[in-house]
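Data first, discussion second: the structure below is written as structure tokens.
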Amino acid sequence: MKLKKILAVLMTAILIVGTFTACGSDSGDSSSDSDGVSFTIFNSKTELQEDLQEAADKYGEENGVNIEVYYSNDTVSAHLATKYASKEPYTLNMVDAKDVYSLGAQYGYDMSSAEWVSDTDYAISVDDKVVGFPVCIEARGLLFNAHAIEETLGEEFDPASIQTLDDLTAICDRLVDAGMEHPTAILKPDWSLAAHYLQQMYEEREDVDGFIDSLYAGEADVASDEKFNALMDTFDVLMKYNLFGDAPISVEDEQVHQALSEGQVAFQFGGCWEWNDIIDFDYTGDVGIMPVPQNVQDDYTGKLVGGGSKYFYIDNSEYTTDEQREAAMDFLNWFASSDEGKTFVSETCAMVTPFKSNDVECANELGVYVKQYVDEGKLVPNYDYDPDDHYSVLGTKMQQYLAGQLDREGLAKEIETYWANVTPVEH
């Protein structure tokens, strides 16, 4: 069901039972106090909560604004639907790209005139209006521990030397022969397996929408699709050398990150957002990210997959005042353009900036690699329009494949069945 319909249903139900109340303390209402205008921020990136509130507090003190930052574990779309239904929307909302497209036409404030718009390639426009402010860039690929590889093989490691699956298999065999019994580790969560790894099957092709349309129509033959098989061939190799192969869907994420961090394994599929998880352990140093090697050589060889990861939109409903919107616009300008904002993004939060003028080096070694790929134009765009249950449903099927409970033909059939029975996401 589309979000607008969900909102309508929620509002009707609430009206019927008569439970509308005045805006609470966490709302984006028009009230302000003696210190100046007040507004709220919804944060959907849990690891930023403390830092974002501290930055908002400091900014607020210096600019006479009161800002409260809120986080929810609920699904973003459902949480915001509830806030709108209760007439308590946040002023500034951090959401995923698909949420910007879903909400932008109705609730997104036009930021087209903002100075930062010309400083990024990642702003989102809806109906010719810029409504999505990019918070950061994230990318995924094959993480590697260069220190562990060099210590094991006694030679310098160049990630550019791994272009094909044959290259990856060869170095894994060499690592095993040199004493690294299991050179890979695999994260088991459904979001990692389906929203990140399997997702590449859709993204790494010339006509992404055309392929997705064929899936919706039940016309795609996934089992014989070249990209699907290339990626699953690579996944099979990662499974073959998996340190946790005896219990691949029982392993905790922390065990995988520790194995890579401390050099027990050399490779792990993942993304630059895992940096803080990796350095929590006895980090050997020199962990990086490279494209997922495949034996299919095409226009996507040598590229990471990624793009804008989170976006802010400013609420344009009647429950937010012009004064609050102006204050939120000023905060975003600070976030993108001020020296303090640039340092906050790149150093404090260790995120890859989406803004060209930000030359503060990312305090995230994986992010430094990602920034190089971004600057060189070697980033395959994310596909942001999967149905909401895509990663949970197909992530479960990927887990079954990882555990040896489902073969490749069966996985292909599950993918076809899923897409043929869901409602297309408009964009």
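Working from Cα pairs under 8 Å separated by at least six residues, relative contact order for the chain is 24 percent. Measuring nothing but alpha carbons in region 42-146 and taking Rh as the Kirkwood radius, the Rg to Rh ratio lands at 1.00. The Cα atoms of region 277-375 define a convex hull whose projected area, averaged across directions, is 9.6 nm². When Thr417, Thr184 are compared by accessible area of protein heavy atoms, the largest-first order is Thr417, Thr184, using a 1.4 Å probe.
Please list log₁₀ I(q)/I(0) at q = 0.12, 0.24, 0.26 Å⁻¹ for region 216-269, using the Debye equation with identical point scatterers on the alpha-carbon positions. Values, matching the q order: -0.41, -0.93, -1.02. Using just its DSSP H runs of length 4 or more, each adding -39500 (n - 2.57), the chain gives a mean residue ellipticity at 222 nm of -12000 deg cm²/dmol after division by all residues. Mean-square fluctuations from a GNM of the chain, with a 10 angstrom spring cutoff on Cα atoms, peak among Ser86, Ser112, Ser161 at Ser161.
For the pair Glu47 and Asp177, the difference between a 0.36 nm per residue extended length and the Cα-Cα distance amounts to 42.9 nm. Between Thr417 and Ala105, the modelled labels are 3.4 nm apart [label points 7 Å from Cα along Cα→Cβ]. Relative protection proxy for 335-342, 264-271, from highest mean packing down: 264-271, 335-342 (other beta-carbon atoms within 10 angstrom). Among the chymotrypsin sites (Phe, Trp or Tyr not before Pro) in region 52-130, none sits in a DSSP loop with a Cβ that has at most 15 other Cβ atoms within 10 Å. Cα centroid distance between region 375-427 and region 259-294, in Å? The distance from the Cα centre of region 375-427 to that of region 259-294 comes to 24 Å.
Spread over its residues, the convex hull of the C-alpha atoms of region 196-350 is 208 Å³ per residue. Normalised by residue number, the volume inside the convex hull of the Cα atoms of the chain is 146 Å³ per residue.
Cross-link partners for Lys58 among the aspartates and glutamates, with Cα-Cα distance under 15 Å and sequence neighbours closer than 8 places in the same chain left out: Asp35, Glu50, Glu68, Asp330, Asp339, Glu340. A cut-off under 14 angstrom between Cβ atoms defines the neighbours of Leu243, and their net charge, with Lys, Arg +1 and Asp, Glu -1, is -4.
Each label was represented as a point 7 Å from its Cα along the Cα-to-Cβ direction; for Asn333 and Glu254 these points are 4.5 nm apart. Here, region 196-237 is characterised by an Rg to Rh ratio of 0.97, where Rg is the alpha-carbon radius of gyration and Rh the Kirkwood radius. Kindly work out what percent of the DSSP beta bridges joining two residues of the chain are antiparallel, to the nearest 5. If I count the DSSP bridges inside the chain, around 65 percent turn out antiparallel.
The values are calculated or read from the model by the stated rules, or taken from the named source; none is laboratory data. From a predicted model like this one, the values you see are computed outputs, not experimental measurements. A quick note on method: Cβ atoms are made from the backbone with ideal geometry, for glycine too, and the neighbour counts reach across all protein chains shown. Heavy atoms of the whole protein, side chains included, go into the accessibility calculation; ligands, DNA and RNA do not. Shrake-Rupley method; radii C 1.70, N 1.55, O 1.52, S 1.80 Å.
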